[in-house]
Structure formats: C-alpha cells, structure tokens
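*Asks:* This structure is in structure tokens; I'll ask about it shortly.
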Amino acid sequence: MTNDLSGQLGSVFGSFFSSAIVQLILYSIVVYLFVVWLAAAYWAFRDMHDRTENPVLPYLASALILIATPFLFVLGVVVYKVVRPAERLGDVYERNLAEEALLAEVEQIKTCRGCDRRVDEEWIICPWCRTRLSRVCPNCERLVGLDWTLCAWCGNDFERPVVAGRPVVENRYGAPAPEGTGPAYQARPAGSTVTNRNPAAGG
Ligand SMILES: [Zn+2]
Ligand SMILES: [Zn+2]
C-alpha cells in the first residue's frame, strides 16, 4: 500500500517537475529574447551615435528596434543596418586626418624661390635659375638654411665679425669665409700665376 502511494506520488511529482522545467525553459527563452531585444536597441543607439552628430537619430534607431517587438526585432536590426550611415565618424575623422597629412606633405615639397621648379632638399643651388637654395656649414659640412645665423648642427656661428679690411667673400659653401679655414680661402701668393704652357707664346 505504501509502495503504491509512493509510486503514484512519484509519477505526479515527475509530471509536475517536467512541466515546471518546460515552463522554466519557455520562460527563460522569453526573458532571453527580452534581454537581447533591449541590448539590440542599446546597440543601435550606440552604433548610430558613432555614425552621426545628430542628437535625435540614435533615439530613432533604438526606437526602430523597440517598435519591432522582442520577437521581430531581428528584422528591425536588418532595416537599421540597411539605412544607417555607412561610415563611422571616427573613420571619417581618420580619413580627413590622413588627407590633411598628405596635403601637408605635398606642401612640404621644396620649390625654388626663383623659378618655382621642384628642387631637391639637399641641393644648395637651383640648376635652372641659379638661385641659392641653402648652404653648407663650413665646420660640419651639413646643409643649413640661408637665413640661419648659426649652424643648428654644430653651433658654428655664421655671424662672426669680418676682419677689417677684408672683403666678405662667399666661399663655395655660401658662407662668409672664416679666418684661415683651409687652403681654398688663403690668398694666392704673388707671382704664382699659372704658367703659360702654350709653346706658341713662348719667348
Ligand atoms: Zn630656380
Ligand atoms: Zn655646422
């Protein structure tokens, strides 16, 4: 008798638990759909926020998902993906930045002040119009700007006072020749003219 009772109770409990589990599963699915639905609405809001500066459009995007109900919101997501702006604002800014950098690079290309032709950064003179472009530091032999008062590389002062009575001669570097720097600037000794080797002129 007790065995029968417990068997009946067991089957009743069994059916109860099984139906409860089914209900739980159904309930969980509905809750899950609700959560995903709300998350999709939030995602649409954030996504539209990233794609437009318009303050109203993100709300419209999430409203589109909410109107589609928890059971059809996937269709709302598809519609939203079709109509949303193609590019994120961050990408647009990045592209603009890259374009600006390219423009700046183009503007940095050195041109001759005299003839406006494109010249190399390491040239010291324009080969077409002979405009001086830059000069070489006589101390460290690096390229320096024409308007620099001293060498940024080695600190050599270009504005050193010129020795009285001596004309300012531009050496091959385009800088005033410093006192006694190499044989190129030393005065040629008197009478050291080049010997005339032409036999016809020989006496
Ligand atoms: Zn030129
Ligand atoms: Zn220098």
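Laboratory data are not the source of any read-out in this text; all were calculated from the coordinates shown. A quick note: this is a predicted structure, and the numbers were derived from the prediction, not measured. All Cβ positions, glycine included, derive from the backbone under ideal geometry; neighbour counts span all protein chains shown.
*Asks:* When ranked by the protection proxy of mean other Cβ atoms within 10 Å per residue, highest first, what sequence do the peptides 104-110, 32-38 form?
*Replies:* Values: 104-110: 9.0, 32-38: 14.3.
Final packing ranking: 32-38, 104-110.
*Asks:* Apply 1/(1 + (r/R0)^6) to the Cβ-Cβ distance of Leu102 and Val79, taking R0 = 45 Å, and write down the FRET efficiency to the nearest 0.05. All intermediate terms of the calculation are to be shown ahead of the outcome.
*Replies:* On the way: r = 37 Å, r/R0 = 0.83.
Taking R0 as 45 Å, the efficiency between Leu102 and Val79 is 0.75.
*Asks:* Quick one: 3J(HN,Hα) in Hz for region 132-142, Karplus 6.51/-1.76/1.60 with θ = phi - 60°, rounded, Gly and Pro as x.
*Replies:* 6, 9, 7, 9, 10, 5, x, 8, 10, 6, 9
*Asks:* Rounded, prolate or oblate: pick one for region 1-122, where a ≥ b ≥ c are the square roots of the eigenvalues of its C-alpha gyration tensor, a/c under 1.5 means rounded, and failing that, prolate if a/b is larger than b/c, else oblate.
*Replies:* Details: a/c = 8.19, a/b = 3.79, b/c = 2.16.
It comes out prolate by the Cα gyration axes.
*Asks:* Could I ask something else about it? Based on the mean of other beta carbon atoms within 10 Å per residue, what is the order of 76-83, 63-70, most packed first?
*Replies:* Working: 76-83: 14.1, 63-70: 16.9.
The most tightly packed comes first, giving 63-70, 76-83.
*Asks:* Between region 138-159 and region 27-82, what's the alpha-carbon centroid distance in Å?
*Replies:* Cα centroid to Cα centroid, the span is 65 Å.
*Asks:* Which of Asp120, Asp47 comes first, and how do the rest follow, when ranked by fewest Cβ neighbours within 10 Å? Mind dumping the intermediate values first?
*Replies:* Numbers: Asp120 9, Asp47 20.
Listing Asp120, Asp47 from fewest to most nearby Cβ atoms yields Asp120, Asp47.
*Asks:* Classify region 55-121 as rounded, prolate or oblate from the Cα gyration tensor: take a ≥ b ≥ c as the square roots of its eigenvalues, call it rounded if a/c is under 1.5, otherwise prolate when a/b beats b/c and oblate if not.
*Replies:* Values: a/c = 7.27, a/b = 5.32, b/c = 1.37.
Because a/c hits 1.5 or more and a/b exceeds b/c, region 55-121 counts as prolate.
*Asks:* For region 96-143, what class follows from the C-alpha gyration tensor (a ≥ b ≥ c being the square roots of its eigenvalues): rounded when a/c is under 1.5, otherwise prolate if a/b is larger than b/c, else oblate? Show your work: numbers first, answer last.
*Replies:* On the way: a/c = 4.62, a/b = 1.64, b/c = 2.81.
Verdict is oblate for region 96-143.
*Asks:* Take Thr149, Thr111, Thr52 and order them by how many other Cβ atoms sit within 10 Å, fewest up front. Please list the in-between numbers first.
*Replies:* Values: Thr149 9, Thr111 12, Thr52 16.
By the 10 Å Cβ count, ascending, the order reads Thr149, Thr111, Thr52.
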